[in-house]
Amino acid sequence: MKKKTVTLAAGATALAAAAGAVWWFTDTAPYPYDKRRLLDLPLPFLRAADIDRALDPADGERMLEIGPGTGLQSLHVAPQLGCQGRLDIVDIQQKMLDHVQKRAADAEISTIHGTRADATCMPFDAGTFDAVYLVTTLGEIGAPRESLTEFHRVLRPGGRLVVGEFFDRHWIPFGRLRSYADDCGFQLQERHGPTVAYLATFVRS
Ligand SMILES: C[S@@+](CC[C@H](N)C(=O)[O-])C[C@H]1O[C@@H](n2cnc3c(N)ncnc32)[C@H](O)[C@@H]1O
């Protein structure tokens with residue numbers, strides 16, 4: 001009986017390890033549009049209320065979201081910027097941008113503007129935005145340090161940068177983000193959540 005239990009436990013562990021390995025190695029970047037439904041599930045420590053606390057959106061602000069996916073955060077943040085505000089969204093995949101624009105139109109939100117670009121090189125003037133944010137996206141960008149330099153360029157002095165990360169193959173641990181941010185001219189303001197699921201707010205120097 002004892003031997004059978006040990007064998008079953010070993011089998012379950014091996015299965016879990018195999019499933020974990022499959023998940024890890026099939027987790028590709030950029031995030032496939034075909035798997036988009038999973039993006040609509042809120043993640044612990046990265047829920048709408050957590051985003052609001054970290055980002056603190058205000059009426060009339062112009063914000064930039066990098067890698068909106070299906071728009072889980074965009075559709076929540078844009079209305080908080082009011083009709084004088086504006087949310088630009090940048091994604092490397094046109095299908096993601098089209099998806100968000102369709103959802104925005106259905107929700108009668110007209111202040112979201114999509115641009116297809118790589119986050120490391122964006123067609124915006126220096127100092128354009130009050131805030132830049134990205135959720136479970138930084139680790140997917142091939143050159144995260146270069147993208148932080150680009151976020152610094154497009155933010156106005158004193159503008160906010162909010163980064164959310166969640167454990168997966170492309171996850172950036174908080175310590176590494178902090179080091180990149182220091183190098184690129186951002187001061188940490190606050191961080192919520194453990195290193196495997198956090199939201200961090202920085203201020204641009
Ligand atoms: C995992 S999804 C996150 C979606 C959304 N932020 C969320 O939390 O549900 C990552 C998104 O980043 C985009 N992305 C990946 N690399 C990018 C890059 N270099 N520049 C711009 N967007 C990129 C992907 O196309 C995808 O829409």
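The values are calculated or read from the model by the stated rules, or taken from the named source; none is laboratory data. Note that the structure is predicted; figures quoted are calculated from it, not measured. As a convention, Cβ positions derive from the backbone with ideal geometry for all residues, glycine included, and neighbour counts pool all protein chains shown. These area figures cover heavy atoms from the full protein model, side chains too; ligands, DNA and RNA do not enter into them. Shrake-Rupley method; radii C 1.70, N 1.55, O 1.52, S 1.80 Å.
Filtered by the rule that a residue be of a type in the set (Phe, Trp, Tyr) and part of a strand (DSSP E or B), segment 167-205 gives PHE186, TYR198, PHE202.
With respect to the stated conditions, GLN84 fails to be under 23 Å from PHE167 (Cβ atoms) and either more than 12 Å from the ligand (Cβ to nearest atom) or assigned by TED's automatic domain parsing to the domain that holds GLU140 (or both). Scanning segment 104-124 for residues that are open to solvent by 30 Å² or more (accessible area, probe 1.4 Å) and touching a Lys or Arg at 6+ places or on another chain (Cβ under 8 Å) returns a single hit, HIS113. Kindly list the number of the only condition in (1) in contact (Cβ under 8 Å) with a residue 60 or more places away in the chain; (2) open to solvent by less than 10 Å² (accessible area, probe 1.4 Å) that fails for ALA181. The failed condition is (1). Name every residue in segment 48-72 that is more than 10 Å from the ligand (Cβ to nearest atom), farther than 11 Å from LEU87 by Cβ and outside any helix (DSSP H, G or I), in order of residue number. Within segment 48-72, ASP56, ALA58, ASP59, GLY60 meet the criteria.
With respect to (1) modelled with pLDDT of 95 or more; (2) within 11 Å of the ligand (Cβ to nearest atom), the lone exception for PRO42 is condition (1).
Among the residues of segment 53-80, those identified as of a type in the set (A, V, I, L, M), within 23 Å of LEU148 (Cβ to Cβ) and open to solvent by less than 10 Å² (accessible area, probe 1.4 Å) are ALA54, LEU55, MET63, LEU64, ILE66, VAL77. The residues in segment 125-153 that are within 14 Å of the ligand (Cβ to nearest atom) and either open to solvent by 30 Å² or more (accessible area, probe 1.4 Å) or over 22 Å from LEU75 (Cα atoms) (or both) can be counted, and the count is 13.
Criterion applied to ALA105, ALA117, ALA54, ALA78 was being in contact with a helix residue (DSSP H, G or I) (Cβ under 9 Å, 6 or more places away or on another chain) and aliphatic (A, V, I, L, M), and the one residue passing it is ALA78.
Please find, among GLY158, GLY142, the residue that is over 17 Å from ARG36 (Cβ atoms), at pLDDT 95 or above and not in a helix (DSSP H, G or I). After applying the criteria, what remains is GLY158.
Would you call LEU134 touching a residue at least 12 places away in the same chain (Cβ under 8 Å), under 12 Å from the mean Cα position of the chain (by Cα) and part of a strand (DSSP E or B)? It is true that LEU134 is touching a residue at least 12 places away in the same chain (Cβ under 8 Å), under 12 Å from the mean Cα position of the chain (by Cα) and part of a strand (DSSP E or B).
If a residue must be touching a residue at least 40 places away in the same chain (Cβ under 8 Å) and out of contact with any helix residue (DSSP H, G or I) (no Cβ under 7 Å at 6 or more places or on another chain), how many such residues does segment 161-171 contain? Within segment 161-171, residues that are touching a residue at least 40 places away in the same chain (Cβ under 8 Å) and out of contact with any helix residue (DSSP H, G or I) (no Cβ under 7 Å at 6 or more places or on another chain) number 3.
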